[in-house]
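J.: Right, I'll just put the structure down here and ask away after.
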Amino acid sequence: MLSTENLRKFFGGIRAVDGVSINCEQGKITLIIGPNGSGKTTLINLIAGYYKPDSGKVYFEKEDITGLPMNKIYEKGIVRSFQIPSLFWGLTVLENILVAARGNPGESVMKGLIRSKWINYERDIVEKAFGIMKDLGLAEFWNSSIEKLPAGHLKLVEIGRALMAEAKMVILDEPISGVSPKLAHEIFLYIKNLRDSKDLTFLVIEHRLDIALPFADHVYVMHEGRIIFEGAPSEVVRNSKVREVYLGG
Ligand SMILES: Nc1ncnc2c1ncn2[C@@H]1O[C@H](COP(=O)(O)OP(=O)(O)OP(=O)(O)O)[C@@H](O)[C@H]1O
């Protein structure tokens, strides 16, 4: 569904991403791991249009999307989360999810004046938002202000926003950082359920291998801007190169 070909991004002398080619299959969870500073965030910033690559290509559903601006890539159906959740503070969980809905006819100046043009749409998206919150275990928090939620639930709201935006592919930057092991496990269970029930495609960056690995379909390991291993989750910890750079031998 998504692939990169020989992507490169240097910051001065730092080779943040240095010739990276990956492949994310439709309906699968692709996991990228690697030590701090290995280039994982830069790679997803290149995919999501936050940075333009120095060279190389990004393809989504066979279309060349290299260097497109973030909003265009979002319109194609690639939705990303950030290490620090980027939500609307002061709004409730429901409102945060509703804001991500696409195509509200009420946003048009003319149609906005005519209630019948948008009222059904508004009813539908509220219903859809409640369905999403139920799927993500957020229903009981629907009216809570975002700042009152624990860190793990904020990550779930971000996933909820991606679902509301009809994402085809969701890119998650450390979805369980700062989250208790129990909730971290639950978050990955929700991700797995969404993969299975909605055929959603995930690209996930994560540090905590113990929790993330059992849920991955395919794993890439990055080190100093390059992919040093690609394979099944069961092979990762047995690989000597990975043990050396990532697990300390
Ligand atoms: N905007 C930038 N300007 C200069 N250097 C940068 C910039 N962004 C990243 N880097 C450098 O590029 C390298 C890769 O950083 P990146 O954040 O992509 O790694 P990472 O694997 O995501 O690390 P972490 O797990 O700590 O988030 C690092 O050496 C980092 O300092």
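The values are calculated or read from the model by the stated rules, or taken from the named source; none is laboratory data. Model, not experiment: these values are computed from the prediction. Positions of Cβ are generated from backbone atoms using ideal geometry, with glycine treated the same way; all protein chains shown enter the neighbour counts. Surface accessibility is based on the protein's heavy atoms, side chains included, excluding ligands, DNA and RNA. Shrake-Rupley method; radii C 1.70, N 1.55, O 1.52, S 1.80 Å.
J.: Just for strands (runs of 3 or more DSSP E) wholly inside region 1-104: which have at least 3 residues that are of a type in the set (A, V, I, L, M)?
T.: Details: elements: 2-11, 14-20, 29-33, 55-60, 78-80.
By residue number, 14-20, 29-33.
J.: Read through the list (1) at pLDDT below 90; (2) over 13 Å from the mean Cα position of the chain (by Cα), then give the number of the only condition that Ala165 fails.
T.: (2)
J.: Here's a follow-up. Quick one: count up the residues across region 67-93 that are crowded, with 19+ Cβ neighbours inside 10 Å and of a type in the set (S, T, N, Q).
T.: Matching residues across region 67-93 total 1.
J.: Then there is this: From the list Ile171, Ile187, Ile227, Ile191, which one is within 16 Å of the ligand (Cβ to nearest atom), at pLDDT 90 or above and open to solvent by less than 10 Å² (accessible area, probe 1.4 Å)?
T.: On the way: Ile187 fails: within 16 Å of the ligand (Cβ to nearest atom); Ile227 fails: open to solvent by less than 10 Å² (accessible area, probe 1.4 Å); Ile191 fails: within 16 Å of the ligand (Cβ to nearest atom).
Going through Ile171, Ile187, Ile227, Ile191 in turn, the sole match is Ile171.
J.: Here's another thing I want to ask about it. Given the options Tyr51, Tyr74, Tyr59, name the one that is among the hydroxyl-bearing types (Ser, Thr, Tyr), farther than 12 Å from Leu2 by Cβ and away from the ligand (no atom under 16 Å from the Cβ). Spell out the reasoning first.
T.: Values: Tyr51 fails: away from the ligand (no atom under 16 Å from the Cβ); Tyr59 fails: farther than 12 Å from Leu2 by Cβ.
Tyr74 is the lone residue from the list that is among the hydroxyl-bearing types (Ser, Thr, Tyr), farther than 12 Å from Leu2 by Cβ and away from the ligand (no atom under 16 Å from the Cβ).
J.: Here's something else I'd like to know. Of all residues in region 158-199, which are assigned to a loop (DSSP other than H, G, I, E, B) and of a type outside the set (S, T, N, Q)? Full working, then the answer.
T.: Kept after step one, since they are assigned to a loop (DSSP other than H, G, I, E, B), are these residues of region 158-199: 165-168, 174-180, 199.
Within region 158-199, Ala165, Glu166, Ala167, Lys168, Glu174, Pro175, Ile176, Gly178, Val179, Asp199 qualify.
J.: Select, from Lys9, Lys57, the only residue that is assigned by TED's automatic domain parsing to the domain that holds Asp173, surrounded by 15 or more Cβ atoms within 10 Å (Cβ to Cβ) and touching a helix residue (DSSP H, G or I) at 6+ places or on another chain (Cβ under 7 Å). Walk me through it before giving the result.
T.: On the way: Lys57 fails: touching a helix residue (DSSP H, G or I) at 6+ places or on another chain (Cβ under 7 Å).
Every option except Lys9 fails the conditions.
J.: Does any residue in region 1-30 that is acidic (Asp, Glu) come within less than 7 Å, Cβ to Cβ, of a residue that is buried (at least 20 other Cβ atoms within 10 Å of the Cβ) six or more places away or on a different chain, and which pairs are these?
T.: Asp18/Gly225
J.: For region 137-157, which positions are open to solvent by 30 Å² or more (accessible area, probe 1.4 Å), under 14 Å from Leu87 (Cα atoms) and part of a loop (DSSP other than H, G, I, E, B)?
T.: Ser144, Pro150 - these are the residues of region 137-157 that are open to solvent by 30 Å² or more (accessible area, probe 1.4 Å), under 14 Å from Leu87 (Cα atoms) and part of a loop (DSSP other than H, G, I, E, B).
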